[in-house]
Every structure is written in C-alpha cells, then in structure tokens.
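Quick notes on the structure that follows.
Quick note: the coordinates plus some simple rules give every number you see, no bench work behind them. The structure presented is a predicted model; accordingly, all values stated were derived computationally and were not measured. Quick reminder, even Gly has a Cβ in these numbers, built from the backbone with ideal geometry, and neighbours come from all protein chains shown.
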There are 2 protein chains.
Amino acid sequence: MTTISDPENTHGHISKQYDHELFDIRSRVLSLGGLVEEQIASAVQSLMEGNVPLAERVIADDYKVNSLEVSIDEECTQILALRQPTARDLRLVVAVIKTITDLERIGDEAKRIARHGIDLASHYPKRNQLTEVEQLARLVRALIRQALDAFARMDVDSALQVAQQDRQVDSVYENIMRQQITYMMEDPRLIPVCLAIMWSSRSLERIGDRACNICEYVIYYVKGKNIRHISLEQVQQDLLGRGRRD
Amino acid sequence: MTTISDPENTHGHISKQYDHELFDIRSRVLSLGGLVEEQIASAVQSLMEGNVPLAERVIADDYKVNSLEVSIDEECTQILALRQPTARDLRLVVAVIKTITDLERIGDEAKRIARHGIDLASHYPKRNQLTEVEQLARLVRALIRQALDAFARMDVDSALQVAQQDRQVDSVYENIMRQQITYMMEDPRLIPVCLAIMWSSRSLERIGDRACNICEYVIYYVKGKNIRHISLEQVQQDLLGRGRRD
C-alpha cells in the first residue's frame, strides 16, 4: 500500500495524540483506497471473464467499503469536535471527508460493473468488443492509483497530471460509445451485450471523474484553493509561481 | 422558496452573529436547492419539447449552481475555523457541506439531461416513448422538493418518506429501461432516440438517489446518527422511540 509522506507537514502539535489522529485518518483513507482499487480490479476481471462468482464477491464485499467509510467519517467528525482544527489541519479533515465520499461512490461503481459482469456471462460478447473496455479499465485504474499516490504525498504536480490524463479516459470512452452504437445497429441481437458494455464503460468513466475530484481535494489541502469548476489551463496558470498557504 | 423552521433549534448562542451565520448557510442551501430545481425543470422541458435554446440555457446556467456551491462551501469552512462548532452545530455544518455537494451533482445531471434534449431534438422520438420519462421526471422532482422541505424543517419523518418514495422511482426507471430495449430490438433505427431516453432516465434516477442522500444528512443532523448503508426498515426500527441527541 502507498505510504504517507509529506515533508512540509509533520503536523508537530504539542499533543502527540492529535498528531497521531491526523496521521491515522490519512492512513485510513489509503486503506479505503486500496480496498476500492481491489474492488475495481475484481469487477473488471469479472466483466472480462464473465466470472459470476467473482462478480458476486465484489457485490458482497461492498459492505467493507461502506463500513470503513462510515468509520473514517465518524473519526473526522470527532476530530472536528474535540480538536477544533484550524488552517491546514482543518483543510486536511475537510479533504478527507470529501475524499472518502468519492471513494465510497467508486466502490458503488465497481459493484455496478460487477452486476454487468453477471449479465455478460450469459450473453457471450465477441472478444474484440471488450478490447477497448479493457484499455479503458487500465487507464482508469492507473488514474486511481495516481490519485491515491498524490493524496499520500500531498503532491500537487501529480494531482494535476491526473486531471490531464482523465482527458484520455474521456476520449477512449467516447470511442467505445460510438463503436457499440454501430454494433447494435448492425445486429440488434447484440443490443443487451452492447448495453452492458456501455453501462460498464460509463461507470469506468465516472470513476475517472472521481479520481479527479480526489486530486482537487489534494490541491485544496496544499494550496488552500478550491479549484473545482475551473479549467485545467486556468488552474495551472493560477498555481504557477504561487507559494503554499499557512 | 421553502423557508427554514426548526422549533427545537433556535441556535441561541451568545454571539448573535454566529446564530446568523448558521441560519445563513441553511438558507443558502435552500437557494441552491431552488436553483437546482429550476435547472431540472428546464432540462426535462427541453427533453420533452426538443427545445434546443432552453437546453442550451440550462447548460450555460450550470456555472450559477457551481459558484453558489463553492461560496457556501467556503462559508462552512470559515465557520469551522472561526467558530469551532461542536455537537448539533457541528453536525449542521457537516450536513450542509455534504448536501451542497449532492445539489451541485444534481445540477450536473440536469446538464446531462439538457444535452440529451439537444440530441433528441434532431431525432423526433415517438410521443408515447416520452410518456413514462415524463412520469419519472414528475416523481423525481417531487422527491427533490420533499427532500429540500425536510432539510428546511429538519424533519426526520419527511426525510424517511423520501427514501420510501425513491423505491417507486426505481421501479418506473426499470420499466423504462426494459421498454426502450424492446423498442430498439424491434426497430434499430430507433437506437439513438432510445439511448438518449435511457441516459436521461438514468440521470433522473440518480437525482432521486441524491435526494435520498440529502435526507440521510437531515437524519444525521437531527438524530446524530449516520444511516447510510442501512436498510430503510432497519432505520425506521432504530429511530422508533429514540430521542434526539444533544
């Protein structure tokens, strides 16, 4: 699992217990991230292989993601109530609360992909129909990995790279959509298979969007700047030459 | 617009300014909610009428939703930093932060529906293809209205009703999916129209899910209990006979 490093922020409170709590929520986000990565990997594998037992395991294991998310969320609220963090510490807690919401929803998308894996198992897609989905899945999994790395190291440059790479995800996704519509129109018997592929691809594309959200929280934490709804070019320009806050 | 009432929580801090800030974030959530409701209404209308200028307005107006969300989010972080709220006040701020994220994402779904409105305008769907979508939209809009009312009054019973009614949304949604697949298979020329209807219906169904999320935050605020990932029956049983916290 990715380990936490953040040389400019060792927290360094008089209360070592408080330092430990802040370290702990960050480290638990990475555990949740690891769990969610496994869920995506298994969901995609179940889709590729039409592996029903694996898909069922993904669906059954979703509760693990949910309960870890609830537990971290409660820990964050406790820290807000008891430690009353300010500045950078406050931004960390807020960033963690938002990140775990996205990770939990990524878990839901993995569950949806697994359900489509079950549908596809009885429909036998043409092997080449799945090639591009496999490519999309590879890109999205790399994106999540990099987003979690950016979170572990609180690294703005890495976070910005994720946003850039998400454009490639969107372009592969658009290709898949067009391709499947063509297949459907050529042979309506393929409609159920094509739809399962389209829905799964949409889930993967959404996972990519959520990886970008996580990167936005990293930038919010480090720079104290909310960059949601701002174009990538604008963000790069704004951050260039600006120092860190606090 | 819905007005705020919460007889059991007049805040009543020594600092009237602090009371005002807490009132203000709640009231701004309702403004955001109102804006999002208008976006859904216009998006659905653009879909039904194939009204391209209206759809374009929805897409162009999305920035209003985004900037109001960012502004409320910043106000919440300010309150956390400067007022260091505890107990019920802290839960209010956390509930507001989460609610506005869902409202902003509902705005994104409205934008997606508007885009499908533009697609449909050039494809002329059969009028009866849209009847059930219209019904789904009616249900979902009522759900959002009720979720915002539950938030305005911080009313747990209303919040629970929303979760119950979301089941009806899911069932109408499933019907639409099955129906559109049948249409597609009968006449492949209808595929682009059917897909636009399916994607729009999926957006509406997701809006219903997010209305339920908002209701979960209402229950979290009033009861101090995180009910995410718990079945509706379990929640009703748990809340029965339990008093309010704080």
By how many degrees, 0 to 90 and rounded to 10, does the Cα axis of helix A:156-186 deviate from the longest principal axis of chain A? 20 degrees
Applying a 10 Å radius around every beta-carbon, put B:224-236, B:94-106 in order of their mean neighbour count, most first. B:94-106, B:224-236
From other protein chains only, count the Cβ atoms within 10 Å of every residue's Cβ in B:191-203, then give the mean. 2
Mind checking the mean number of beta-carbon atoms from other chains within 10 Å of the Cβ atoms in B:180-189? 3
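What is the mean number of Cβ atoms from other protein chains located within 10 Å of the Cβ atom of each residue in peptide A:66-77, rounded to a whole number?
Numbers: counts 3, 1, 0, 3, 5, 1, 0, 5, 1, 0, 1, 6.
If you average over the peptide's residues, the count of other-chain Cβ atoms is 2.
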Shortest-first distances to equivalent copies, position B:GLN168, nm, label 7 Å out along Cβ: 4.8
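Where does the protein assembly as shown land on the Kirkwood hydrodynamic radius, alpha-carbon pairs, in angstrom?
Value: 23.6 Å, from the Cα pair sum.
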For a Förster distance of 45 Å, can you work out the FRET efficiency between the beta-carbons of B:ILE181 and A:GLN78, rounded to the nearest 0.05? 0.40
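Stick to Cα atoms and the Kirkwood definition of Rh, then tell me Rg/Rh for the range B:54-189.
Numbers: Rg = 19.2 Å, Rh = 17.8 Å.
Using only Cα positions, Rg/Rh for the range B:54-189 is 1.08.
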Using a simple charge model, +1 on the beta-carbon of Lys and Arg, -1 on the beta-carbon of Asp and Glu, nothing else, what dipole does the protein assembly as shown show about its Cα centre, in debye to the nearest 20? 80 debye
For the range B:127-146 and the range A:87-162, write down the distance between their C-alpha centroids in whole Å. 31 Å
Where along chain B is the Cβ that lies nearest the axis linking it to chain A, and how many Å separate them? B:GLN84, 2
Relative to the longest principal axis of chain A, what angle (0 to 90°, nearest 10) does the C-alpha long axis of helix A:52-83 take? 20 degrees
Could you identify which residue out of B:GLN161, B:GLN17, B:GLN180 has the top mean-square fluctuation in a GNM of chain B using Cα springs shorter than 10 Å? B:GLN17
Of the candidates A:MET184, A:ALA60, A:ILE227, the farthest towards the positive dipole end of chain A (Lys/Arg Cβ +1, Asp/Glu Cβ -1, centred on the Cα centre) is A:ILE227
Which of A:LEU22, A:GLN236, A:ALA150, positive extreme of dipole for the range A:16-236 (C-beta unit charges): A:GLN236
So if I take the alpha carbon set of chain A, get Rg, then get Rh from the Kirkwood formula, what is the Rg over Rh ratio? 1.04
Which distances, in nm and shortest first, link the A:THR86 label point to the same label point in every other copy, taking 7 Å along Cα→Cβ? 1.7
Over 24 Å between alpha carbons, listed pairs A:LYS64/A:LYS111; A:LYS64/B:LYS98; A:LYS98/A:LYS223; A:LYS225/B:LYS16: A:LYS225/B:LYS16
Every other copy gets compared here: list the nm distances from the B:GLY224 label point (7 Å along Cα to Cβ) to its counterparts, shortest first, one decimal. 3.4
Relative contact order for chain A: what is it in percent, counting Cα pairs under 8 Å that are at least 6 residues apart? 24 percent
